Amino acid sequence: MEKLFRLAACFSLSGIFMMPSASGQDATEIVRKADQKFLGEKSSYSVMTMTIKRPKWQRSLTFKNWTKGSRFALTLVTEPASESGQSFLKVNNEMWNWNPTINRVTKLPPSMMSQGWMGSDISNDDILKESSIVTDYTHTLTGKEKVDGTDCYRIDLIPKENAAVVWGKIVKWISTEGYDQLKTEYYDEDMNLVKTEKAGELKKMDDRIIPTYFEVIPADKPGNITTARITSIHFNLPLEDSFFSQQNMKKVR
């Protein structure tokens, strides 16, 4: 009951305190521009290296990622050799994993969306964009703040009723000039901070300048951190819906 009361209060406040920016944009428009800039207006293909750091060990993975809007995503692990060939497919709100070692496709239940992808601090939901930050949340512009010296919009995202999402609240800091998502905080249903994501090292990739380095820091696990670096990315490729299939996740390279 307490959780429902908190969410209801947030929904009510978001309608009262929606703050337009100086240029007349509302919070949803800002979030949409930031989301499209990073994922592409239609589609994207990227190559990334992720490093999982723990107090006593660390390991790295390289993977390719294809997305099309908020409905489709396909991720292929290419390194290390022990993990190579594993793929993950998202279609609408469903997600599957292909493991060539056991020659099996496994459907992942919704309860696994919040779990760390490949043992990292980045959730399955984050990697495969199971939820859309534009359509699954209400957005409230709560002010402007600086992140590492850059002026940013501070926007609260509260999940819509019945949205299939992991988080109880998300707070994003989006740069006022380039619409880059420079900092994100993720909260659970009790409004406890779960993790913080920071982005930097802006570079020109394909036809736009975007952050290329990311850090994800869990709030309750000192010494744990996951970093990710974009090696290459291309936007708005002509990807058909049929590319995102269980058949293709077994053979994509």
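The values are calculated or read from the model by the stated rules, or taken from the named source; none is laboratory data. What you see is a predicted model, and the numbers here were worked out from it, not measured in a lab. Reconstructed Cβ throughout: ideal geometry from the backbone, glycine too, with neighbour counts over all protein chains shown.
Of the strands (runs of 3 or more DSSP E) contained entirely in the stretch 100-174, those carrying at least 1 residues that are in contact with a Pro (Cβ under 7 Å, 6 or more places away or on another chain) fall at 137-147.
Does the stretch 131-175 hold any residues that are in contact with a Phe, Trp or Tyr (Cβ under 6 Å, 6 or more places away or on another chain), over 22 Å from A73 (Cα atoms) and among the aromatic types (F, W, Y), and which are they? Of everything in the stretch 131-175, nothing turns out to be in contact with a Phe, Trp or Tyr (Cβ under 6 Å, 6 or more places away or on another chain), over 22 Å from A73 (Cα atoms) and among the aromatic types (F, W, Y). Among the residues of the stretch 194-215, those identified as surrounded by 15 or more Cβ atoms within 10 Å (Cβ to Cβ) and more than 15 Å from F235 (Cα to Cα) are V194, K195, T196, E197, K198, A199, G200, L202, F214, E215.
Residues are listed down the side, and each one gets a yes or a no for (1) over 22 Å from P110 (Cβ atoms); (2) at pLDDT 95 or above:
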site: S43; (1), (2): yes, no
site: T49; (1), (2): yes, yes
site: Q58; (1), (2): yes, yes
site: A73; (1), (2): no, no
site: T78; (1), (2): yes, yes
site: E83; (1), (2): yes, no
site: N93; (1), (2): no, no
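Contact map, the stretch 207-226: first residue basic (K, R), second residue in a strand (DSSP E or B), Cβ cut-off under 8 Å, separation 6 or more or different chains; pairs are R208/F235.
Taken over the stretch 140-154, the criterion of being touching a residue at least 40 places away in the same chain (Cβ under 8 Å) and exposed (fewer than 14 other Cβ atoms within 10 Å of the Cβ) is satisfied by G143, D148. Taking the conditions (1) in a strand (DSSP E or B); (2) surrounded by 16 or more Cβ atoms within 10 Å (Cβ to Cβ); (3) not basic (K, R) in turn, Q58 satisfies each one other than (2). Residues of the stretch 209-253 that are closer than 28 Å to N92 by Cβ and among the basic types (K, R): K250, K251, R253.
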